[in-house]
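So the structure is just underneath, and the comments pick up after that.
Laboratory data are not the source of any read-out in this text; all were calculated from the coordinates shown. Bear in mind the structure is a predicted one, so any value in this text is a computation, not a measurement. All Cβ positions, even for glycine, are placed from backbone atoms using ideal geometry, and neighbour counts span all protein chains on display.
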Amino acid sequence: MTTTVTAAVARSTGEPLTIESLQLDELRPNEVRVRIVASGVCHTDAIVRDGIYPTPLPAVLGHEGAGVVEGIGSDITTVEVGDHVVLSAAYCGKCVQCRSGRVAYCENLFAEDFGGARHDGSTSLSDGNGAISSHFFGQSAFSTYANVVETSVIKVDKKAPLETIAPLGCGLQTGAGAILNDLRPAPGTSIAVFGTGAVGSAAIMAAQIAGCTTIVAVDLHDSRLELAETIGATHTINGRTADVVAELDKITGGKGLDFALDTTAVPAVLQQAAASLGIGGTVALVGAAAPGTDVTFEIGASLVKGWTFKTIIQGSSVPQQFIPRLVLLWEQGRFPFDKLIKNYELDDINTAFADSENGSTIKPVVVF
Ligand code: ZN
């Protein structure tokens, strides 16, 4: 038996999403039927809409869903009907990386999250003309209901408002996890965060939780830098007007940074981040660039620093472990990510995308 849902559909490359009625098929044994209450809008939705990542269109995107469990497949053991859940990236759970606890680095990440279909090639969504790509990040959350794979589902505290905690599953987990799960800065160390959108802002809050004593926000928008100061940044630099490398040298008393996190994936910014490291420093990239993007680093004078460049996916998180921790930190006022959020109705989803792209909203969340 199929169910009629209302969803935002990406029909063709670069075009606005359209609100349509679609058919959602029957639950499979490994799936959870979720009534979506809210879904964050993320840069990754925009780059798939724009054809930079090849999920087949038409597709229902949305990968920061949150909602209530309405039904469970016969193999489901981790949630029950009525549970509140946040949805995150899917992983296979069977490859060596998954079995090692590194689920963010699942060997089957692309098929699980960007393939637009189940393993058997079927999609859960269709219209009168045929299949619509589904299971984006295991969920396709820009829809009133979704059939979600179990690895995407995280049970959360029912007291936490779903329209607030929805975006924990991707952008906020990515920024906070890069700090708390991967870089793990020691108390008293220094870090600069390049780009203070949702991911960068989450990283700033996490750096404060970790005990970093120098936390520098670097961005092009003064409004974002002002917000950064309210969530933990000790210093701010506007990259449009300042010499970023010289400014960071001054802030660190000539020692250079212990950590730099780049959320922009702009090669020139990544070069500034690397050039600002001190001895033994680490620069990490969490931003998504188009495949084929290159960056060059100085390797002569910097050799003696013993520095590291690394990439980090999804904050190296195990979402079922990390997201409930972020909810607890939010409940204690130590991870105030609600300051980043503006809610939109489903009919205004293209405004949400536009406001995210022009920087006027840091984290749009569509409420169903
Ligand atoms: Zn895997």
(message) Give me, ordered by chain and number, the residues 5 or more places off I132 or on other chains with an amide H under 5 Å from its own placed amide H.
(response) L125, S126, D127
(request) Taking a cut-off of 12 Å between Cα atoms, list the aspartates and glutamates near K310, but don't count ones fewer than 8 places away on the same chain. (result) D182, D262
(message) What distance in nm lies between label points placed 7 Å from Cα along the C-beta direction at F110 and A186?
(response) 4.0
(message) Test of understanding: extend the Cα→C-beta vector of S21 to 7 Å, then name every residue of the stretch 103-139 with backbone N under 16 Å from that spot.
(response) 126-130
(message) Below 15 Å, Cα to Cα, which aspartates and glutamates can K250 reach? Residues fewer than 8 away in the same chain don't count.
(response) D258
(request) State which entries of K94/K155; K159/K363; K155/K342; K255/K363 exceed 26 angstrom in Cα-Cα distance in the structure shown. (result) K255/K363
(message) I'd like the orientation of helix 319-331 relative to the chain: the angle between its Cα long axis and the longest Cα principal axis, in ° from 0 to 90, rounded to 10.
(response) 70
(message) Give me D294, D338 sorted ascending by neighbouring Cβ count inside 10 Å, so fewest comes first.
(response) D294, D338
(request) Could you go through the stretch 235-252 in sequence order and give the Karplus-derived ³J(HN,Hα) for each residue, using 6.51 cos²θ - 1.76 cosθ + 1.60 with θ = phi - 60°, rounded to whole Hz, and x for Gly and Pro? (result) 9, 9, 9, 8, x, 6, 10, 9, 7, 4, 5, 5, 5, 5, 4, 5, 4, 8
(request) Report the net charge of residues surrounding D157, where surrounding means a beta-carbon distance below 14 angstrom and charges are Lys +1, Arg +1, Asp -1, Glu -1. (result) +2
(request) Please say if the stretch 35-135 is rounded, prolate or oblate, where rounded means a/c under 1.5 for a ≥ b ≥ c the square roots of the C-alpha gyration tensor eigenvalues, and otherwise the choice is prolate for a/b larger than b/c and oblate otherwise? (result) rounded
(request) Report the FRET efficiency, 1/(1 + (r/R0)^6), for A354 and V304, where r is their Cβ-Cβ distance and R0 is 41 Å, rounded to 0.05. (result) 0.30
(message) 7 Å from Cα along Cα→Cβ at both T241 and T296: what's the point-to-point distance in nm?
(response) 3.2
(request) Select from the stretch 54-159 those GluC sites (Glu not before Pro) which occupy a DSSP coil region and have at most 15 other Cβ atoms within 10 Å, ordered by residue number. (result) E80, E107
(request) Compute the length gained on full extension between S126 and E345: take 0.36 nm times their separation in residues and subtract their Cα-Cα distance, giving the result in nm to one decimal. (result) 76.5 nm
(request) Please arrange I341, I209, I215 by counting, for each residue, the other beta carbons lying within 10 Å of its beta carbon, fewest first. (result) I209, I341, I215
(request) Count charges around A7 for me, please; just the other residues with Cβ under 11 Å from its Cβ, Lys/Arg as +1, Asp/Glu as -1. (result) -2
(message) From the phi angles alone, apply the Karplus equation (6.51, -1.76, 1.60; θ = phi - 60°) to the stretch 276-289 and give each ³J(HN,Hα) in whole Hz, x where the residue is Gly or Pro.
(response) 8, 6, x, 4, x, x, 10, 10, 10, 9, 10, x, 9, 9
(request) Just the number, please: percent antiparallel of the DSSP beta bridges in the chain, rounded to the nearest 5. (result) 55
(request) Collect residues whose amide H, placed 1.01 Å from N in the peptide plane, falls under 5 Å from the amide H of N343; neighbours closer than 5 in sequence don't count. (result) V365
(request) Return the whole-Å distance between the Cα centroid of the stretch 192-267 and the Cα centroid of the stretch 279-297. (result) 16
(message) Please give the Cα centre distance for the stretch 320-338 versus the stretch 124-145, rounded to the nearest Å.
(response) 29
(request) Find which of L168, S134, I312 sits farthest along the positive direction of the dipole of the chain, computed with +1 on the beta-carbon of Lys and Arg, -1 on that of Asp and Glu, about the Cα centre. (result) I312
(request) Provide the per-residue ³J(HN,Hα) series for the stretch 28-45, in order, calculated from phi with Karplus coefficients 6.51, -1.76, 1.60 and θ = phi - 60°, each as a whole number of Hz, with x at glycine and proline positions. (result) 8, x, 9, 10, 10, 7, 10, 7, 6, 9, 7, 8, x, 9, 10, 3, 5, 4
(request) Would you pull out the residues with amide H under 5 Å of F335's amide H, same chain only if 5 or more places away, H placed 1.01 Å from N? (result) W330
(message) Please rank F114, F322, fewest neighbouring Cβ atoms within 10 Å first, as an exposure proxy.
(response) F114, F322
(message) Net charge around D83, counting only other residues with Cβ within less than 11 Å of its Cβ (Lys, Arg = +1; Asp, Glu = -1)?
(response) -1
(request) Could I have the simple spin-label model distance between S12 and D338, label points 7 Å from Cα toward Cβ, reported in nm to one decimal? (result) 4.3
(request) State, to one decimal in nm², a quarter of the convex hull surface area for the C-alpha atoms of the stretch 175-313, i.e. the direction-averaged projected area. (result) 7.6
(message) Antiparallel versus total DSSP beta bridges in the stretch 175-313: what percent is that, nearest 5?
(response) 0
(request) Give the Rg (one decimal place) followed by the Dmax (whole number) of the chain, computed from C-alpha coordinates and expressed in Å. (result) 20.3, 66
